[in-house]
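Here the structure comes first, spelled out in structure tokens, and everything after it is commentary.
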Amino acid sequence: GENVEQHPSTLSVQEGDSAVIKCTYSDSASNYFPWYKQELGKGPQLIIDIRSNVGEKKDQRIAVTLNKTAKHFSLHITETQPEDSAVYFCAQGAGSARQLTFGSGTQLTVLP
Amino acid sequence: ETGVTQTPRHLVMGMTNKKSLKCEQHLGHNAMYWYKQSAKKPLELMFVYNFKEQTENNSVPSRFSPECPNSSHLFLHLHTLQPEDSALYLCASSLWVVTSGNNEQFFGPGTRLTVL
């Protein structure tokens, strides 16, 4: 079945530095790639998503890039702040498929 | 707040107990989901409901029994669970079941379940 691999599992950066999390997928029919942020004691919350007809999407300090040929997509966070510390999940979906397949998560810690 | 509430937030139960988890969404969505979240593992989709009808059951053991009386409420009935069922159980909702943009899944805060 569909598989999404996410790396790294943990990431520590200094405040102000950039953070990059990468996911690879196997289903060539995948066309929707959301990223979720999960803070302690809360459920995951969508922070940005991208569709397969777009190579990059930006929203203030966060951006997502997609390489369909290589079947990988990445989350980029610039000018990191302590409140960015959380677990980040990538996911992929394929059009009429009724479910998202999630990565295993990345624990991001931003050190002040 | 995401508009999806879950109760209880924490639950400890023995293997012979029967308990229920409740989820309610105030977003006017038509699709609701149960996920299991275990440490260091991807979110596992358990059940999908669309307009109160179950559309997906991802090979979930029968000791988990979902119920969706209307599009706003979702229950997960638990009985004779095993210690390995201890996890965070997340409920989510979306406008439709199709996975695409403009159909964001909104998650509740989860129920932390411990099976002794």
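Observations on the model:
- Cross-link reach list, lysines versus A:Lys57, counting only Cα pairs under 19 Å and skipping chain neighbours closer than eight places: A:Lys22, A:Lys37, A:Lys68, A:Lys71
- Chain A against chain B buries an accessible area of about 1900 Å², both chains summed, 1.4 Å probe radius.
- Per residue Cα convex hull volume in Å³ - calculated over chain B: 100
- Listed residues A:Gly43, A:Gly55, A:Gly93, most fluctuating in chain A (Gaussian network, C-alpha, under 10 Å): A:Gly43
- Reciprocal mean inverse distance between Cα atoms of the protein assembly as shown - Kirkwood radius, Å: 18.1
- Modelled label positions at B:Leu27 and B:Arg63, each set 7 Å beyond Cα in the direction of Cβ, lie 3.1 nm from each other.
- Surface accessible to a 1.4 Å probe, B:Trp96 within the full protein complex, Å²: 130
- Working note: Karplus 6.51/-1.76/1.60 with θ = phi - 60° gives the range B:47-54 the couplings 9, 10, 10, 10, 6, 6, 9, 6 Hz, where Gly and Pro are set to x.
- Alpha-carbon centroid distance for the pair the range A:44-84 / the range B:39-73, whole angstrom: 28
- Proximity of backbone amide H atoms, modeled 1.01 Å from N, is registered between A:Ile50 and A:Phe33 at under 5 Å, excluding neighbours fewer than 5 places apart on the same chain.
- Dipole of chain B computed with +1 at Lys/Arg Cβ and -1 at Asp/Glu Cβ about the Cα centre; of B:Phe106, B:Asn58, B:Asn17, farthest Cα towards the positive end is B:Asn17.
- Spin-label pair A:Thr78/A:Gln14, simplified geometry with 7 Å Cα→Cβ offset, distance in nm: 1.9
- Across chain A, the mean sequence separation of Cα contacts (distance under 8 Å, 6 or more residues apart), normalised by length, yields a relative contact order of 37 percent.
- By the Kirkwood approach, averaging reciprocal distances over each pair of separate Cα atoms, chain A gets a hydrodynamic radius of 14.0 Å.
- Ordering A:Ser85, B:Ser94, B:Gln82 by Cα displacement along the dipole of the protein assembly as shown toward the positive end leaves B:Gln82 in first place; charges were set at the Cβ atoms of Lys, Arg (+1) and Asp, Glu (-1).
- Length released on extending from B:Glu1 to B:Trp96, taking residue separation times 0.36 nm less the Cα-Cα span: 32.2 nm
- Annotation for B:His73 and A:Ala29: the two label points, set 7 Å from Cα along the Cα-Cβ direction, are 3.6 nm apart.
- Farthest toward positive dipole pole in chain A [+1 Lys/Arg, -1 Asp/Glu at C-beta], among A:Phe102, A:Leu75, A:Ser30: A:Ser30
- The 3J(HN,Hα) values that the Karplus relation (6.51, -1.76, 1.60; θ = phi - 60°) gives for the range A:39-47 are, in residue order, 8, 4, x, 10, x, x, 10, 5, 10 Hz. Gly and Pro appear as x.
The values are calculated or read from the model by the stated rules, or taken from the named source; none is laboratory data. Computed from a predicted model, the values in this text were never measured in an experiment. Neighbour counts are summed over all protein chains in view; Cβ atoms, including those assigned to glycine, are modelled from backbone coordinates with ideal geometry. Areas reflect the complete protein model, heavy atoms only, side chains present, ligands, DNA and RNA absent. Shrake-Rupley method; radii C 1.70, N 1.55, O 1.52, S 1.80 Å.
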